[in-house]
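Q: Could you have a look at this structure, given as structure tokens, before my questions?
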Amino acid sequence: NAGVTQTPKFQVLKTGQSMTLQCAQDMNHEYMSWYRQDPGMGLRLIHYSVGAGITDQGEVPNGYNVSRSTTEDFPLRLLSAAPSQTSVYFCASSYSTGNMETQYFGPGTRLLVL
Amino acid sequence: GENVEQHPSTLSVQEGDSAVIKCTYSDSASNYFPWYKQELGKGPQLIIDIRSNVGEKKDQRIAVTLNKTAKHFSLHITETQPEDSAVYFCAAYQKVTFGTGTKLQVIP
């Protein structure tokens, strides 16, 4: 198993540009989520999905869109990038939607918005 | 919502000494408390977890204790080694909330 994979590893955007961060998992996990990690602020939940076709907002959803058309993939879209979205983004998955399930994290995408 | 505070933000210990990282949480409904280790350039990885019906859990050199009454839990690493150097995050799950992280440096 490859686990959770994320692409790209690093991206530079100009303000106003759009892009999609890709996330895929091959563990047949139902629950997937996106976090952003900023210095001194830990990991903050952006959006999550409890299964294909179902998504919901986390703590910091503004400026981001998600969709879940398959169990394996959970892309994160930035429609109009802003410097405040400069961060490291992590995708995670877990087997079920239960809140006592181990989450497996991808290696992260470093995003710089100029 | 849930608030998780983690201390200290940085910790330096000599190789072989013990390290303790503490977290407090606010939501008494939280019932699962994992600890993650994040090495440079990588995603967080679960190292140990504890559920609310247990007071202590140990896995070789790593242990976690939970005090539900006081709403705090701690990570204990004994006989620290240079490869333990990383950033450690606690989390409290009712709604998943992470602490702000502790950068542990083990000095050889």
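Q: How much net charge surrounds A:Q25 when only the other residues with a Cβ under 14 Å from the Cβ of A:Q25 are counted, with Lys and Arg +1 and Asp and Glu -1?
A: Around A:Q25, the charge tally is -4.
Q: Please state the shape class of region B:49-108: rounded when a/c is under 1.5, otherwise prolate if a/b exceeds b/c and oblate if not, all from the C-alpha gyration tensor.
A: Numbers: a/c = 2.68, a/b = 1.54, b/c = 1.74.
Because a/c hits 1.5 or more and a/b fails to exceed b/c, region B:49-108 counts as oblate.
Q: Suppose all protein chains stay in the model; what accessible area per residue would a 1.4 Å probe give for chain A, in Å²?
A: 47 Å²
Q: What does the charge count around B:H72 come to, taking other residues whose C-beta lies under 14 Å from its C-beta (Lys +1, Arg +1, Asp -1, Glu -1)?
A: Working: positive: B:K22, B:K68, B:K71; negative: B:E2, B:E5, B:D27, B:E56.
Charge balance in the 14 Å sphere: -1.
Q: Around A:A52, what is the net charge, scoring Lys/Arg as +1 and Asp/Glu as -1 over all other residues with Cβ under 11 Å from its Cβ?
A: -2
Q: Per the 1.4 Å probe, what fraction of the accessible area of chain A, in percent, lies on carbon and sulfur atoms?
A: 51 percent
Q: Sticking with this structure for a sec: Considering protein heavy atoms only and a 1.4 Å probe radius, which residues within region B:14-39 exhibit an accessible-area decrease of no less than 30 Å² in the full assembly relative to the chain by itself?
A: B:N31, B:Y32, B:Y36, B:Q38
Q: Out of the GluC sites (Glu not before Pro) in region B:23-93, which ones are loop residues according to DSSP with at most 16 other C-beta atoms within 10 Å?
A: Taking region B:23-93 and a limit of 16 other Cβ atoms within 10 Å, the loop GluC sites (Glu not before Pro) found are B:E39, B:E79.
Q: Explain nothing, just the number: relative contact order of chain A, from Cα pairs under 8 Å at least 6 residues apart, as a whole percent. Before the final figure, lay out the partial values.
A: On the way: 304 pairs, mean separation 40.6, N = 114.
Relative contact order, chain A: 36 percent.
Q: Taking θ as phi - 60°, what are the ³J(HN,Hα) couplings along region B:22-29 by the Karplus curve (6.51, -1.76, 1.60), each to the nearest whole Hz, with x for Gly and Pro?
A: These are the phi-based 3J(HN,Hα) values: 10, 9, 10, 10, 10, 8, 5, 7 Hz.
Q: Can you give the relative contact order of chain B as a percent, counting alpha carbon pairs under 8 Å and 6+ residues apart?
A: With pairs under 8 Å counted, the relative contact order is 38 percent.
Q: Mind listing which trypsin sites (Lys or Arg not before Pro) in region A:1-99 are in a DSSP loop and have 12 or fewer other Cβ atoms within 10 Å?
A: Passing both the DSSP loop test and the Cβ count: A:K9, A:K14.
The values are calculated or read from the model by the stated rules, or taken from the named source; none is laboratory data. On a predicted model such as this, the values are computed, not experimentally measured, just so you know. No Cβ is skipped: glycine too gets one built from the backbone with ideal geometry, and neighbour counts run over all protein chains shown. In case anyone asks, the SASA skips ligands and DNA or RNA and just uses the protein heavy atoms, side chains included. Shrake-Rupley method; radii C 1.70, N 1.55, O 1.52, S 1.80 Å.
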